[in-house]
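Quick notes on the structure that follows.
Where a number appears in this text, it was derived from the coordinates with a stated rule and is not lab data. The model shown is predicted, which means the values in this text are computed figures rather than measured ones.
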Amino acid sequence: MIEVKDLADIPEKYHADYVEVEKNGAKIYQHKDFVTVVGAMKRKGEERDALANELKGFKSQEAVKQAEAEKKALEKLKAEGKIDEILADSEKRHGEKIKQFEERIAKRDAVVIKKARDAVVSELSTLATEVGAKAFKKLISERVDYDPETDKYSFKDEEGGATSLDLAGFKADVLKSPTYAAMLKAQASSGGFGTNASTGGGAAKTITRAQFDAMSQSARAAHFKSGGTITN
């Protein structure tokens with residue numbers, strides 16, 4: 001799990017893997033690997049902003065230099081009739097520099113987006129069986145988007161259309177979809193998809209690690225409160 005509101009929602013042996021952070025004015029706990037990824041993305045964002053400012057300054061300085069150079073060149077070349085050639089050459093050189101700079105920013109953004117998407121896909125892949133994991137990851141990754149400008153995720157429906165789902169809603173949508181049923185691990189809650197999915201009226205006292213990983217936070221908490229245990 002990427003984040004939990006209370007460490008009581010997860011087994012005690014996993015507590016050391018989570019760190020306390022502030023989100024929307026509230027204290028929560030996030031997995032330290034996810035915090036590392038978010039920190040890296042934040043630094044990339046700061047680098048991108050710095051590059052944008054550098055580009056803005058570059059454009060401004062180049063505009064001044066170009067204006068001065070063109071003014072002098074035009075004054076000199078008016079009598080020669082070569083004004084059009086000078087302007088065309090200047091525009092070409094200036095345009096190529098800006099294009100190279102923008103391509104560099106686009107490449108950096110692509111790396112940030114891939115890392116962010118991979119983090120979510122890796123989290124959701126714990127729902128899949130070992131045999132179905134590869135296909136599951138491919139299908140899920142096509143539905144996950146990340147915007148480095150706003151630092152927000154968005155999720156598509158199975159046809160590729162936009163949705164308003166957050167991560168929890170997207171996970172629930174995946175669990176109930178027949179498309180992924182054959183790839184999912186057995187679900188401890190009733191009515192779930194997946195091989196040998198439980199159809200009973202509540203969580204068993206002892207469940208497997210795979211079943212626990214596939215449960216929601218509330219289901220995990222309820223399992224422990226009822227005295228349930230996990231077996232490897």
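Side notes on the structure shown:
- Stretch gain in nm, segment K107-D145, where the contour uses 0.36 nm per residue and the Cα spacing is subtracted: 12.1 nm
- Pairs with C-alpha atoms separated by more than 24 Å, drawn from the list K134/K176; K27/K176; K137/K185; K23/K134; K32/K115; K134/K156, are K27/K176; K23/K134.
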